[in-house]
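The values are calculated or read from the model by the stated rules, or taken from the named source; none is laboratory data. From a predicted model like this one, the values you see are computed outputs, not experimental measurements. Heads up, the Cβs are rebuilt from the backbone with ideal geometry, glycines too, and the neighbour counts pull from every protein chain shown.
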Amino acid sequence: MRPFSLFILCTAAQSITSAEAFHGASASSRAKCPGRGRDVPISRDPFLNKNIRGGETGAVRPSSALPMSLLGSVGGPLIQSASIFAAVNGLGALLSLVGKTQIHVDLLGTGSFALAMLPVLLAKGAAVTRIKLSAAAVTLWSIKLASFLLYRIIKTGHDARLTDLFKTFSGTISFWIFSLLWGLLCSLPHTLGTTTSSPGNPTALIAGTVLYAAGLMVETTADWQKWMFKSSNPGKFCNVGLWSISQHPNWFGNLLLWGGILVINAPALIDVPTDATFWQQIWGYRKLAMAAISPLFMWALFKGQADGSMTTTVELANAKYGADSGYIKYIEEVPMIIPKLF
């Protein structure tokens, strides 16, 4: 039982250190070393620590330190984020099964991102500017998009892409499980960014904010252009404005803005000592590698919808506009997501 007790003790110490880091405490805490009667430093990351036992030099063996370090430093924020996303999407699934309505779908699915930011926005004490900026960016996007999608569904009454899916129990549950997965993976750049009190890099903060603002503008403009076009030209496909250079410019804008959030947090997600070994350097990039899952997942999601391999979007569009020669030419010449500017 002694090894297990030692594991619990070390995990607890690591969790306390992570919590201190989030609230702006110093980079390391101190604890009593059993049998030595003196304080020893407890590193924020035992794998990269050079003095974890109080006097010995050298890194802890990866076999025991790597898993504990990963869970200790990111486990809390990930669990907290997962709990919020799971609760909101669970409520959405319940309403879909009981109410047989689509009014709440985008309000809860997209709005859950804003709710997941509340622990940072409402936390007592001063959080670093980078974390506040990241949380504010996610919240602004979430409220903006959820409000627009709620307005749209109220006006249109339903989303044809979801009608058949929500007819069955399995279809409804699978949708909300995927919505939960979307929330967890898409928000990784911010969620992982809250696991460190590093201020980040000023250049990255500016560049990320500019990229985010550009993406938010593209997504908002694309949604507005299509809504206005459809209102004036019912039954026709939209090929004006941004939609003339991309079949899905709103998705392109979404990729840009989440890329901006990743850039804002990226430098803070790298934790490599100057004298680290090769494997310690690799390990120091683990959070950034995890955060990179977000844009890769979003690209796969949008690409799958755009080419019809994941949803019925293409099938529905072809059934609606397939007889229009202009539409056939449009889908053959205009890029699916990334605009062809030249």
Do we have any residue at all in region 277-287 that's farther than 27 Å from MET336 by Cα, assigned to a helix (DSSP H, G or I) and under 17 Å from the mean Cα position of the chain (by Cα)?
-> yes
Pick from region 166-180, criterion β-branched (Val, Ile, Thr) and under 18 Å from VAL88 (Cβ atoms), ranking: nearest to the chain's Cα centre (by Cα) = ILE177
Answer yes or no: is there a residue in region 266-289 that is in contact (Cβ under 8 Å) with a residue 24 or more places away in the chain, under 24 Å from SER147 (Cβ atoms) and surrounded by fewer than 21 Cβ atoms within 10 Å (Cβ to Cβ).
-> no
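Suppose we filter LEU94, LEU115, LEU181, LEU185 for residues that are in contact (Cβ under 8 Å) with a residue 40 or more places away in the chain and either of a type in the set (Ser, Thr, Tyr) or in a helix (DSSP H, G or I) (or both); which single one remains? Break it down stepwise before answering.
Numbers: LEU94 fails: in contact (Cβ under 8 Å) with a residue 40 or more places away in the chain; LEU115 fails: in contact (Cβ under 8 Å) with a residue 40 or more places away in the chain; LEU181 fails: in contact (Cβ under 8 Å) with a residue 40 or more places away in the chain.
Just one listed residue meets the conditions, LEU185.
When you scan region 290-319, how many residues do you find that are part of a helix (DSSP H, G or I) and either within 21 Å of LEU180 (Cα to Cα) or in contact (Cβ under 8 Å) with a residue 24 or more places away in the chain (or both)? Show your work before the answer.
Our first condition is that a residue be part of a helix (DSSP H, G or I); within region 290-319, this holds for 290-291, 293-306, 313-319.
Narrowing the set further to residues that are either within 21 Å of LEU180 (Cα to Cα) or in contact (Cβ under 8 Å) with a residue 24 or more places away in the chain (or both) leaves 290-291, 293-306, 313, 316-317.
So the answer is 19.
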Of LEU107, LEU122, the only residue that is among the aliphatic types (A, V, I, L, M) and closer than 16 Å to ALA146 by Cβ is LEU107
Checking ILE154, ILE173, ILE264, ILE177 in turn, the sole residue that is of a type in the set (A, V, I, L, M) and either touching a His at 6+ places or on another chain (Cβ under 8 Å) or within 24 Å of ILE338 (Cα to Cα) (or both) turns out to be ILE264
Pairs only if they're at least six apart or on different chains, beta carbon under 6 angstrom, first in region 320-342 and at pLDDT below 90, second surrounded by 16 or more Cβ atoms within 10 Å (Cβ to Cβ) and among the hydroxyl-bearing types (Ser, Thr, Tyr); list them, first residue then second.
-> TYR321/TYR327
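On the basis of being among the hydroxyl-bearing types (Ser, Thr, Tyr) and either part of a helix (DSSP H, G or I) or surrounded by fewer than 17 Cβ atoms within 10 Å (Cβ to Cβ) (or both), does THR220 make the cut?
Working: among the hydroxyl-bearing types (Ser, Thr, Tyr): yes; either part of a helix (DSSP H, G or I) or surrounded by fewer than 17 Cβ atoms within 10 Å (Cβ to Cβ) (or both): yes.
Judged against the criteria, THR220 is a match.
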For region 119-143, the count of residues that are small (Gly, Ala, Ser), in a loop (DSSP other than H, G, I, E, B) and loosely packed, with under 14 Cβ neighbours inside 10 Å equals 2
Can you tell which of ALA146, ALA116, ALA204 is buried (at least 17 other Cβ atoms within 10 Å of the Cβ), small (Gly, Ala, Ser), in contact with a Ser or Thr (Cβ under 8 Å, 6 or more places away or on another chain) and more than 22 Å from THR311 (Cβ to Cβ)?
-> ALA116
For residues that are modelled with pLDDT of 55 or more and polar (S, T, N, Q), scanning just region 67-92, find the one that is nearest to MET117 (Cα to Cα).
-> SER81
Of the conditions (1) over 17 Å from VAL105 (Cα atoms); (2) among the small types (Gly, Ala, Ser); (3) assigned to a helix (DSSP H, G or I), GLY171 clears all except one; give me its number.
-> (1)
Residue list for region 183-218, restricted to those being within 9 Å of ASN265 (Cβ to Cβ) and of a type in the set (Gly, Ala, Ser) = GLY193, GLY200, ALA204, GLY208
Residue pairs within 7 Å by beta carbon, gap of at least six or interchain, first lying in region 139-167 and in contact (Cβ under 8 Å) with a residue 12 or more places away in the chain and among the polar types (S, T, N, Q), second assigned to a helix (DSSP H, G or I) and exposed (fewer than 15 other Cβ atoms within 10 Å of the Cβ), listed first then second, are THR139/LEU121
Does any residue of region 156-165 turn out to be farther than 20 Å from ALA93 by Cβ, outside any helix (DSSP H, G or I) and touching a helix residue (DSSP H, G or I) at 6+ places or on another chain (Cβ under 9 Å)?
-> no
